[in-house]
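Working notes, beginning with the structure itself.
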Amino acid sequence: MSEVYLKFGGKIIEELSQKIPSTLFALNELIKNAYDSFSPDVTIKIDPLRQTVIVSDHGNGMGEDDIAKLFHISRSSKIYGSLISQDGIERVTQGSKGLGFLAAFKFGDRVEWVTCKNNIRSRFSLKKSTLVDKEDLSDTKISVITDSCERKGTEIIIHSSDRIIEELLEDLKDDRMIEKLVATIQDESFEIKVDIENQKNKYSTGRLVSYLKESEEDQLFYVKYDSEENEILFYHNKELLRSYPGLLESEIRTDYAINIELVIFHFESGRNSKQVSPLNRRIHDSALYPLVYINRNLFNNNIIFDPELLRKSKSTLALPQMIGRINLTSQSNELEFNSDRTNFVENTLTKKIVKDLRTLNEEIQTKGSELKRELKSKHGGQLPTGKAIEVPEAEENKIKAAAILINRQLPSSYFIPSEQIDLEDYIYQVRNSRGEEVGKDNVEITVDSTLVNNRILPSIEDVCEKVVSFRYRDEHTDLVLSEVVLRFERKNSNVAGEPKNKSIFTIESNSEYKIKEGVVSNLIYAIDKAYLTRSRGDYLPLVACSIRTIFECSANKLLKSKKQWFAKIAFGTSDKEAKKEFGNSSLLMDVFHILILLKKNQPLVKTIADATGISFSTMNNLLILADFKNAVRLSNVGAHSSSSYLTKSKIEECADKCGLFAVICDVLINLDSSVASSFSVVKVDVDDFRQVLGA
């Protein structure tokens with residue numbers, strides 16, 4: 001018997017399990033864990049009589065180290081969206097936060113795990129009701145009982161109640177819900193099964209009808225789009241009818257790929273869509289719609305590719321009767337979702353994705369409507385329908401997708417000046433469309449679209465990003481492309497309150513900057529002392545509040561010591577953007593005031609750059625108002641909002657911006673009076689604020 005320790009507060013179990021919004025979402029989290037373990041299948045068995053929900057798989061299982069990580073929230077070795085391979089099977093990593101196991105508590109108070117790895121079976125359990133009232137669980141031991149076994153995999157036994165089981169069965173009574181459950185992962189190497197005790201109907205991925213075979217006599221078009229080719233292809237009666245350009249080439253990004261396959265119907269009088277499977281219907285109104293998958297996992301969203309997009313504004317151009325699959329793949333860190341995974345967290349990447357999907361949706365419906373009219377005119381007012389695309393039957397020697405697998409163990413970030421890099425090392429494996437391994441010398445390597453014949457990237461001296469593309473042309477499926485973005489960065493140094501080996505506050509400089517202002521210096525030292533302990537998670541709210549104090553102290557001291565540089569800013573009653581942006585936050589307004597002053601007075605920026613060892617261009621690039629705004633608001637979370645929002649990564653990002661701001665203020669505060677007076681500082685006025693807020 002061994003022991004592991006919990007690494008989070010008791011309340012988080014209650015918050016994360018009970019606030020999970022839906023059955024589909026919670027079960028999906030458990031399914032993703034099985035998928036990431038390279039199990040060929042996962043079975044969800046519901047037994048109302050025994051009041052249990054059992055989720056079992058035949059994956060890699062968990063050893064002692066894996067179990068320890070299971071109970072360490074936000075610590076995971078997984079990188080979301082990364083391609084990983086095992087025994088010839090390639091999968092896209094689904095988990096990354098280490099939160100999936102908590103979904104089990106959505107369905108019961110006590111959860112048991114039985115997991116087998118390397119011929120060792122481990123058994124352990126948790127009871128939510130005994131943990132939720134504890135603020136600190138760091139000393140709570142979980143006993144793990146081990147013995148020998150011959151199989152591998154994991155079984156999760158959730159002990160439920162009559163009420164919860166009844167609610168679960170009520171949800172799963174709807175075929176639209178249960179079919180979506182068994183379709184949550186789109187991967188031929190993985191099957192999801194749902195077994196409800198004493199019910200005749202069996203549901204599994206293998207039993208689902210292909211959307212390409214739905215209501216074949218009513219099919220008008222099969223539509224295909226791949227962002228790699230960037231062409232929208234329309235098929236009618238099994239033949240390519242027309243192709244159209246997709247997105248503008250200038251707008252195509254390399255940090256995500258879009259693949260669309262649609263079947264568009266035309267139902268003649270007396271026929272309707274009732275024969276189409278529940279899987280392809282929206283839950284709230286049963287209207288047809290295509291399913292959206294992000295990195296092979298169902299994205300429970302029916303808005304970003306809405307078939308009824310043009311129905312009200314351009315009804316003559318609308319083709320709302322469509323089903324299919326919208327597949328988006330990305331490994332970008334910006335790909336973030338809201339808590340119930342029904343929408344994106346809005347940022348530059350996700351706004352671009354939504355815009356691209358809308359553009360493609362409009363283009364498909366508009367061009368499809370034109371083709372529909374042409375067909376109708378060509379056939380004397382009759383619109384011919386029928387099987388739109390030939391669907392080949394499954395064969396043993398079926399052509400598969402060729403692939404270039406990237407070695408994700410290699411670094412993607414380097415400090416400058418870098419050593420030379422052998423780019424071929426990034427190729428883990430190449431497989432052709434027959435599933436056979438191909439030599440790496442068949443792969444063409446380019447860096448920023450330039451062919452690299454010797455496959456060696458020379459030393460890099462400046463901060464930059466290099467897009468390394470690996471291209472292989474398969475004899476059956478043509479081009480296969482994988483990319484790695486290599487980032488070359490300056491080695492950051494500490495912003496120090498007192499000499500320390502490591503600090504949470506850093507700047508992009510080769511030399512450490514020592515804060516001179518006593519209060520700020522002492523705060524930085526105290527924060528580092530607390531944050532660099534093993535129990536730093538307990539101090540996150542305190543760290544956030546202290547970071548806010550550093551912002552306040554730095555801004556206040558600069559505004560007072562160099563008051564001749566700052567004009568009084570008074571917004572008018574019509575300045576709605578200012579009121580919306582700043583509200584009652586005088587701190588945020590002060591931070592903006594200082595940063596806008598720097599942007600308006602470049603000699604001040606050069607002075608700060610010279611004092612810190614940060615290059616002038618880098619310093620200018622760091623003065624992004626939105627980044628400082630986010631840092632100020634995050635620091636406010638610790639003082640006024642739920643600390644559950646605070647994470648290690650967010651705190652560190654916030655601290656870096658706070659450290660830079662403190663350094664900026666410290667340099668300017670400590671300027672010799674004669675030097676300070678030599679600057680012809682142009683003050684910030686209301687119009688400068690208006691320009692920034694309106695941009």
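Some observations on this one:
- P(r), alpha carbons of region 646-690 - 5 Å bins starting at zero, rounded %: 5, 16, 13, 15, 18, 16, 9, 6, 2
- Candidate residues 241, 49, 479, 310: accessible-area rank, largest first, probe 1.4 Å: 49, 241, 479, 310
- Were the residues from residue 164 through residue 489 laid out at 0.36 nm apart, the gain over their Cα-Cα distance would be 111.8 nm.
- Expressed as a whole percent, the accessible area of region 275-419 that falls on carbon and sulfur atoms is 47 (1.4 Å probe).
- Cα centroid of region 26-73 to Cα centroid of region 331-393, whole Å: 34 Å
- Heavy-atom accessible area per residue - region 557-693, 1.4 Å, Å²: 48 Å²
- Residues in region 36-54 reached by a label modelled at residue 125 [backbone nitrogen below 19 Å; 7 Å Cα→Cβ]: 45-54
- Surface composition of region 78-237: carbon plus sulfur atoms hold 44% of the accessible area, using a 1.4 angstrom probe and ignoring ligands, DNA and RNA.
- Its Cα centre serving as origin, region 238-386 has a Cβ charge dipole (Lys and Arg +1, Asp and Glu -1) of approximately 620 debye.
- As an equivalent ellipsoid, region 105-226 spans semi-axes of 38, 20, 15 angstrom, where each value is the square root of five times an eigenvalue of the C-alpha gyration tensor, largest first.
- Potential extension, residue 649-residue 86 segment - 0.36 nm per residue separation minus Cα distance: 199.7 nm
- For region 564-569, 3J(HN,Hα) computed residue by residue from phi via the Karplus equation (6.51, -1.76, 1.60; θ = phi - 60°) reads 5, 8, 10, 8, 6, 9 Hz, glycine and proline entered as x.
- Computed over neighbours whose Cβ is under 10 Å from that of residue 669, the net charge equals +2, Lys and Arg +1, Asp and Glu -1.
- Full extension of the chain between residue 670 and residue 244 gives 147.1 nm of extra length, using 0.36 nm per residue less the Cα-Cα distance.
- Taking trypsin sites (Lys or Arg not before Pro) across region 268-328, the ones in a DSSP loop with at most 12 further Cβ atoms lying within 10 angstrom of their Cβ are 312.
- Summing +1 for each Lys or Arg and -1 for each Asp or Glu among the other residues whose beta-carbon sits under 14 angstrom from that of residue 48 gives -4.
- Our coupling estimate for region 448-456, obtained by passing each phi through the Karplus curve with A = 6.51, B = -1.76, C = 1.60 and θ = phi - 60°, is 6, 6, 9, 5, 10, 5, 7, 6, 10 Hz, Gly and Pro reported as x.
- Counting only protein heavy atoms and a 1.4 Å probe, region 297-414 has 53 square angstrom of accessible area per residue.
- If you take the Cα centroid of region 185-207 and the Cα centroid of region 270-295, the two points sit 19 Å apart.
- Alpha-carbon spread of region 588-695, three principal axes, descending order, Å: 48, 32, 24
- Hydrodynamic analysis of region 210-254 uses the Kirkwood radius over alpha carbon pairs. Inserted into Stokes-Einstein at 25 °C and 0.890 mPa s, it gives a translational diffusion coefficient of 205 µm²/s.
- Treating each Cα of the chain as one equal point scatterer and applying the Debye formula with no solvent, the log10 of I(q)/I(0) at q = 0.05, 0.06, 0.09 Å⁻¹ comes out as -0.31, -0.45, -0.99.
The values are calculated or read from the model by the stated rules, or taken from the named source; none is laboratory data. Everything numeric in this text was worked out from a predicted model, so none of it was measured. All Cβ positions, even for glycine, are placed from backbone atoms using ideal geometry, and neighbour counts span all protein chains on display. Only protein heavy atoms, including side chains, enter the accessible area calculation; ligands, DNA and RNA are left aside. Shrake-Rupley method; radii C 1.70, N 1.55, O 1.52, S 1.80 Å.
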